[in-house]
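See structure below.
The values are calculated or read from the model by the stated rules, or taken from the named source; none is laboratory data. Note that the structure is a prediction, hence the values are computed from the model and not measured. Cβ placement follows ideal geometry from the backbone for every residue including glycine, while neighbour counts extend to all protein chains displayed. For accessibility, only protein heavy atoms count, side chains too; no ligands or nucleic acids. Shrake-Rupley method; radii C 1.70, N 1.55, O 1.52, S 1.80 Å.
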Amino acid sequence: MVSESIVSYLVADHARLHALLDRAMETPDLDPEAFAEFRRGLLRHIAIEERVLLPVVREVRGGIPLDRAHELRIDHAALTSLLVPTPDLALCREILSLLTEHDAKEEGRDGVYEECQRRLSDRDLARLAQRAESFPQVRVARHFDGPNVHRTAKGALASARRMRSPRKVEGR
Ligand SMILES: [Fe+2]
Ligand SMILES: [Fe+2]
């Protein structure tokens with residue numbers, strides 16, 4: 001896939017990730033391969049936004065992050081924490097509801113991607129698309145089920161708002 005802009009790359013990635021999650025949820029016991037691919041893909045997608053797109057936009061704004069960057073970061077932390085426990089259908093529904101809301105904040109008119117597009121030149125957007133496309137797979141840790149592990153979007157969001165550094169799922 002060759003994208004002209006990091007924004008079109010990320011929008012296409014949203015659709016790809018939603019399709020994977022839908023596929024995982026097609027059977028009551030979940031499709032484990034589809035879920036694993038979704039999990040890896042979402043962690044990589046979040047990493048591209050956090051480490052490539054948002055820092056570059058902050059830089060062109062003279063070091064000032066976008067107003068909504070903090071809110072996105074909270075969603076990212078909550079989504080990441082929901083990828084920690086062993087998944088079942090109920091957990092996937094929680095992830096789907098949070099992800100759908102989150103993607104809407106990024107896509108569409110007045111979304112964060114639109115704001116990024118306004119701040120960056122076409123050349124920057126194309127250069128960042130290349131960086132996104134070549135961004136490596138992230139290594140993921142095994143699922144972990146413990147007393148403080150969240151299985152609802154509400155709980156994950158509340159705890160992400162309290163914590164500065166969320167539990168990492170990436171294995172590095
Ligand atoms: Fe995001
Ligand atoms: Fe996104």
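List the residues whose amide H sits under 5 Å from the amide H of Val140, counting only those 5 or more places along or on another chain, with H placed 1.01 Å from N in the peptide plane.
For Val140, the qualifying residues are Gly171.
Would you mind getting the accessible area per residue of the stretch 6-136, heavy atoms of the protein chains only, 1.4 Å probe, in Å²?
Here the residues of the stretch 6-136 average 46 Å² of exposed surface.
Rank Gly62, Gly155, Gly41 by mean-square fluctuation in a GNM of the chain with C-alpha springs under 10 angstrom and give only the top-ranked residue.
Of Gly62, Gly155, Gly41, the Gaussian network model singles out Gly62 as fluctuating most.
Once you charge only the Cβ atoms, +1 for Lys and Arg and -1 for Asp and Glu, what is the size of the charge dipole of the stretch 17-80 about its Cα centre, to the nearest 20 debye?
420
In debye, nearest 20, what is the charge dipole magnitude of the chain about its Cα centre with +1 on Lys and Arg Cβ and -1 on Asp and Glu Cβ, if you could check? Please report the intermediate quantities before stating the final value.
Working: 28 positive and 28 negative charges, 177 e Å.
Once rounded to the nearest 20, the dipole reads 860 debye.
Which is farthest toward the positive dipole end of the stretch 6-136 among Ile95, Pro65, Met25, measuring Cα position about the Cα centre, with Cβ charges +1 (Lys, Arg) and -1 (Asp, Glu)?
Pro65
At a probe radius of 1.4 Å, what is the per-residue accessible area of Phe135, in Å² to the nearest 10?
Accessible area, nearest 10 Å²: 30 Å².
Roughly how many Å² of Glu133 are accessible to a 1.4 Å probe, to the nearest 10?
60
Fully extended, how many nm does the chain gain between Asp29 and Phe144 (0.36 nm per residue separation, minus their Cα-Cα distance)?
On the way: separation 115, 0.36 × 115 = 41.40 nm, distance 1.83 nm.
Taking 0.36 nm per residue and subtracting the Cα distance, the gain is 39.6 nm.
Given contacts defined as C-alpha pairs under 8 Å and at least six residues apart, what's the relative contact order of the chain, whole-number percent?
36
Working out 0.36 nm times the residue gap between Ser121 and Val2, then minus their Cα-Cα distance, what length gain in nm do you get to one decimal?
The Ser121-Val2 span can extend by a further 41.0 nm.
For an R0 of 35 angstrom, estimate the FRET efficiency from the Cβ-Cβ distance between Lys154 and Arg61 and round to the nearest 0.05.
FRET efficiency, Lys154 to Arg61: 0.60.
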